[in-house]
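Data block below; observations after.
What follows draws every value from the coordinates through simple rules; no lab data is involved. Here the structure is a predicted model, which means the values were calculated and not measured. When we count neighbours, we look across all protein chains shown, and the Cβ atoms used for this are built from the backbone with ideal geometry, even at glycine.
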Amino acid sequence: MRETVVVIGGGAAGFFGAITCAEANPTLRVLLLEKTTKLLSKVRVSGGGRCNVTHACFQTNAFSQHYPRGQKALKKLLPLFGAEDTVAWFEKRGVKLKTEADGRMFPQSNTSETIVDCLVQAAQRAGVEIQTSVGVSSLQVQAQAPAPNRFLLHLSNGSQLKASKVLIATGGNPKMEHYRWLQDLGHTIEAPVPSLFTLNVPASPFKDLLGVSVPKAKVKLTGQKLETEGPLLITHWGLSGPAVLRFSAWGAKLLHGLAYTGTALVNWVPDFTEEQVRSQLLLQRQHSPKKTVYTNALFQLPNRLWQRLCTLAEVPETVKWAELSGKAQNKLIELLIRTPFEVKGKTTFKEEFVTCGGIKLEELHLERMESRLVPGLFFAGEVVDIDGITGGFNFQAAWTGGFLAGKAMAEVGV
């Protein structure tokens, strides 16, 4: 009988862990269990169905800055398996990646199926056994049993399974009960809350401008230090785009504590100080006194957005720059720099939701992703308390954790 290693979860981290383990030690029986009928479901939908595999940032310090939680851990882990290693791993298996202007990396085929096929085929070639529609209802540690029988798994189909090592890569979930069975093993769970979501603004005066975007805006929460910058998109429910997703990631715990309510201030012209904005308006008065304010957008803002800001500042549609009142001008400056949005809730961003929280990192031997409390138990992916902003960072954390866990599980006699 071959020694059995079980991987729980058929997502990015689970597959990477299973493949790495099976390739490193072909004598093991590596069994991957997925409770649903679908494998790699997040890989399929990410990046609009193109799969944002990683990010073209190859310096550890710079890369780790994109993780609201887990930065310190990733400074240790990325040198062991980072973005460059991910690119090489896929290229070695026939999948070339391309880099887009913002640094995101996708398969050259522009379809996530390329990544899914690569992972499934690599698993099959390495001899990984894959079973779908099989969940794990409980996991028991048999401390006195011989090493190959260290773990007893009770499966959802009523059967039992013994394993020498187990990798838990079940992903994130915002409900604490999802982690209860891990707490039963003695592990501490950092409270799970949603991350990477958009902001609902039911009373937004910009609702009808859905689809209007700016390449750079600053979003700030009043009364808090939370502030992020990046492209911003107006939607029919409120605000979205990278600036807002970063806002939700860095503020995941804070916003959860505020029940997703508060006033977000948007600066549409973050490259200008308030004085520079005022000077720009005065120059416009001097050089284009006869032009209509309403129809002459400044700061390269979209016309529809500029016109809405003018309307909110009570600038009449026919007024010329020379006739603009001081009161209306001040109001326009205020709105350019601090447009208030009353946030009342959140909306999941497509399928790219992420959970902040999970297994406490201090309870792991990080370079192995192995439990300090239960030898032979490993964790990778979103189930641990590491999460990043959008841009390929969450997948990289999954590849890194999966690889390190897989390599450690392949060790003989440990």
* Asked: If we count other beta carbons within 10 Å of each Cβ, what is the order of 409, 176, 1, 369, fewest first?
  -> 1, 176, 409, 369
* To do: Place the peptides 81-87, 315-321 in order of packing, highest mean first, counting for every residue the other Cβ atoms within 10 Å and averaging per peptide.
  => 81-87, 315-321
* When we measure straight from the Cα of residue 76, which lysines land under 20 angstrom away, once same-chain ones fewer than 8 places off are left out? -> 360, 407
* Which links in 220/331; 72/218; 220/253; 218/346; 38/165; 35/165 stretch past 21 Å when you go from one Cα to the other? -> 72/218; 38/165
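When 355, 273 are ordered from fewest to most other Cβ atoms inside 10 Å of their Cβ, what list results? Mind dumping the intermediate values first?
On the way: 355 21, 273 11.
In increasing order of surrounding Cβ atoms, one gets 273, 355.
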* To do: Take 55, 365, 178 and order them by how many other Cβ atoms sit within 10 Å, fewest up front.
  => 365, 178, 55
* Could you tally the net charge around residue 263, taking each other residue with its Cβ under 12 Å from the Cβ of residue 263, Lys/Arg +1 and Asp/Glu -1? => +2
* To do: Divide by every residue of the chain the summed helix terms, -39500 (n - 2.57) for each DSSP H run of at least 4, and state the resulting mean residue ellipticity at 222 nm, rounded to the nearest 500 deg cm²/dmol.
  => -9500 deg cm²/dmol
* **All-pairs Cα distance distribution in the chain, expressed in whole percent, bin size 20 Å** => 26, 46, 21, 7, 0
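Suppose a student asked you for the relative contact order of the chain, using Cα pairs under 8 Å spaced at least 6 residues apart; what percent would you report?
Numbers: 908 pairs, mean separation 100.8, N = 414.
Dividing the mean separation by the residue count of the chain yields 24 percent.
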* **Candidate lysines for bridging to residue 42, where Cα separation is under 18 Å - those fewer than 8 sequence places away on the same chain excluded** => 350
* Asked: What aspartates and glutamates could a cross-link reach from residue 207, if we take a straight Cα to Cα line under 16 Å and drop same-chain neighbours fewer than 8 places away?
  -> 342
